[in-house]
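The values are calculated or read from the model by the stated rules, or taken from the named source; none is laboratory data. Remember, predicted model here, so these are calculated numbers, not experimental data. Here Cβ is always computed from backbone atoms with ideal geometry, including for glycine, and neighbour counts include all displayed protein chains. Only protein heavy atoms, including side chains, enter the accessible area calculation; ligands, DNA and RNA are left aside. Shrake-Rupley method; radii C 1.70, N 1.55, O 1.52, S 1.80 Å.
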Amino acid sequence: MDFSQRLQQISANSDALTQLGRGLEREALRITSEGNLSEQPHPVGLGSALTNKWVTTDFAESLLEFITPVSQDVDHLLTQLSDIHQFTYRQMGDERLWPMSMPCFVGKENDITLAQYGSSNTGRMKTLYREGLKHRYGSVMQVISGVHFNFSFPESFWQELFGDQSEQDRQDSISDAYFGLIRNYYRFGWLIPYLFGASPALCGSFLNKHNSSVDFKQLGCGTYYLPNATALRLSDLGYTNNAQSSLKIGFNSLDQYLDGLNQAIRTPSDDFADIGVKVEGEYRQLNSNVLQIENELYAPIRPKRVAKDGEKPSEALGRAGVEYIEVRSLDVNPFSPIGITEDQVRFLDLFLTWAVLTPSDNMDDSELACWRDNWNRVVLDGRNPDLMLKIGCNGERLSLQDWGVRVFKELQDVAVVMDKAAGNNKYQETCERLKSWILNPNLTLSAQLLEKVKQNEGIGSVGHQLAAEHSQTLAERSYGFYSQSEFDVEAKTSVEKQHKIEQGDTVSFEQFLKDYFADLK
């Protein structure tokens, strides 16, 4: 079946498109009121970073991560994220959140303190994993922030698409469909950095720590930029990792993906072996393989399943197939106090639904490389009105604008069906607004931010200004979903949970690591 037939098929059941599952994870650096990277430990009032279900840390003590539960309602999702931000600000004193993906001024690598999770074996392993990332890639790259969007379709969606099936057939069909979505994401997902990329410029302190052949232009106060860049976070300077460029992890099936991932986890690296695993009695990394653990794989999108206690992500996928996907290519929206807007969420709903309904042929390594080249073109030069993108690997080209208009035509069809199911016009309104951005690059987030940076002669002053505005906005709002008491209880309970985990350890840390990685031998 083609896209139109599949869309008509799922439109028969309104629940198929109104019960989408969504979750958000937003990362943000804590900064001082003077605009410097915070050197303070994780705020006590937030409870345990190891076990608090709403607020944790990512790579560094200063790099917060806010996590919402799964929601079927867009307004609830964004209100939950706003509440979590508001609670966090109340525990931060005079500190603020840096509103951009690329970090603020960082003096030395060692100015960044690794995230601490207590004395349990689990907590120590999380910190040691970050120690490995520090030695492998440098701390500055690891404090680049983003927004992750977790997304799933309800059972009613799969029922309309596949009809009655056995449990195993349904599991296989869902996994295959999600991998079809992932392949289409690689083909067309460059729309996301084009529309929502918000890192066209960066601080010179970041650039000084990388050898780059990119011909940057410079503004006063040490800001570097590319005139038509959209998301330098996704370039070789940032989130994308050249060290993993040789990995052959395919997306044609769950088995192919797991085989490639498991091979990477088990493949020794000469470069990482030079770092050493344990030197003079101190651990430097979990192991010297290409990937220490699965989470080290840098990818714009991942297949996921909620793991059971003690279960690794790949084991969960192998046990029961793909449950949801994680979109990882969103820059922090610097103009939103919570890093993302309703239009962005609704666009992702439309795009991911379109991607799963659109036929998706298998993709070999060379084709995947061609699509990644398109991403890189958009990341570095996406607002160039003359930018041409590849159509596969046969030399054909199509302009970004022409291709974008074609995709939006079908996104509009999805929007009509989704609005009919919901009884409003919100998806069509989002689609119309963002379609105008295809033809007018100056409307994109990267263009808006770069203009602001130029007006203020530097990214630092813009970041400080937006951070202050967002702090004020959140201070003036009231909780809309949670309550202060709920947050206080979770903070207190999380500390108790951490202590219980620490008291429950029965083996040494060395034995814990041996047991965890026993299957790698």
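Of note:
- Residue check, Glu342 within 25 Å of the chain's Cα centre (by Cα) and free of Cβ contacts under 8 Å to residues at least 60 places away in the same chain: no
- Residue among Asp75, Asp94, Asp83 that is surrounded by 21 or more Cβ atoms within 10 Å (Cβ to Cβ) and among the acidic types (Asp, Glu): Asp83
- Contacts under 6 angstrom Cβ, first residue in segment 370-397 being farther than 22 Å from Tyr225 by Cβ, partner part of a loop (DSSP other than H, G, I, E, B) and not charged (D, E, K, R), 6 or more apart: Cys370/Cys393
- One residue from Leu368, Leu380, Leu389, Leu411 being assigned to a strand (DSSP E or B) and hydrophobic (A, V, I, L, M, F, W, C): Leu389
- Taking the conditions (1) touching a strand residue (DSSP E or B) at 6+ places or on another chain (Cβ under 6 Å); (2) under 30 Å from Ile10 (Cα atoms) in turn, Lys409 satisfies each one other than (1).
- Taken over segment 477-498, residues that are among the polar types (S, T, N, Q) and under 17 Å from Leu78 (Cβ atoms) amount to 1.
- Test: Lys108 is over 20 Å from the mean Cα position of the chain (by Cα) and of a type in the set (Lys, Arg): yes
- Scanning segment 73-111 for residues that are part of a loop (DSSP other than H, G, I, E, B) and among the charged types (D, E, K, R) turns up Asp73, Asp94, Glu95, Lys108.
- Any pair with Cβ under 6 angstrom, 6 or more apart, that starts in segment 468-488 at a residue that is farther than 15 Å from Ser336 by Cβ and ends at one that is assigned to a helix (DSSP H, G or I): Tyr479/Asp83; Gly480/Thr79; Phe481/Thr79; Phe481/Gln80; Phe481/Asp83; Tyr482/Asp83; Phe487/Phe87
- Residue in segment 15-29 that is under 26 Å from Ser461 (Cβ atoms), open to solvent by 60 Å² or more (accessible area, probe 1.4 Å), out of contact with any strand residue (DSSP E or B) (no Cβ under 6 Å at 6 or more places or on another chain) and at pLDDT below 95 present: no
- Of all residues making up segment 314-324, the number that are open to solvent by 40 Å² or more (accessible area, probe 1.4 Å) and either without any contact (Cβ under 8 Å) to a residue 24 or more places away in the chain or not in a helix (DSSP H, G or I) (or both): 4
- Answer from Leu37, Leu64 - the residue that is aliphatic (A, V, I, L, M), closer than 22 Å to Ser101 by Cβ and modelled with pLDDT under 95: Leu37
- Test: residue in segment 468-479 that is surrounded by 14 or more Cβ atoms within 10 Å (Cβ to Cβ), modelled with pLDDT under 95 and hydroxyl-bearing (Ser, Thr, Tyr): no
- If you check Leu445, Leu450 for being open to solvent by less than 70 Å² (accessible area, probe 1.4 Å), touching a strand residue (DSSP E or B) at 6+ places or on another chain (Cβ under 7 Å) and of a type outside the set (Lys, Arg), only one passes: Leu450.
- Segment 1-41, subset among the acidic types (Asp, Glu) and assigned to a loop (DSSP other than H, G, I, E, B), residue farthest from Ile338 (Cα to Cα): Asp2
- Of all the listed residues (Glu25, Glu65, Glu61), the sole one being out of contact with any Ser or Thr (no Cβ under 7 Å at 6 or more places or on another chain) and closer than 19 Å to Asn295 by Cα is Glu25.
- Note on segment 325-335: residues that are out of contact with any helix residue (DSSP H, G or I) (no Cβ under 8 Å at 6 or more places or on another chain) and open to solvent by 10 Å² or more (accessible area, probe 1.4 Å) amount to 1.
- Only one entry in Leu128, Leu181, Leu195 is aliphatic (A, V, I, L, M), open to solvent by less than 30 Å² (accessible area, probe 1.4 Å), out of contact with any Ser or Thr (no Cβ under 9 Å at 6 or more places or on another chain) and modelled with pLDDT of 95 or more, namely Leu128.
- Counted residues, segment 470-521 - those being over 17 Å from Gly123 (Cβ atoms) and in contact with a Lys or Arg (Cβ under 6 Å, 6 or more places away or on another chain): 2
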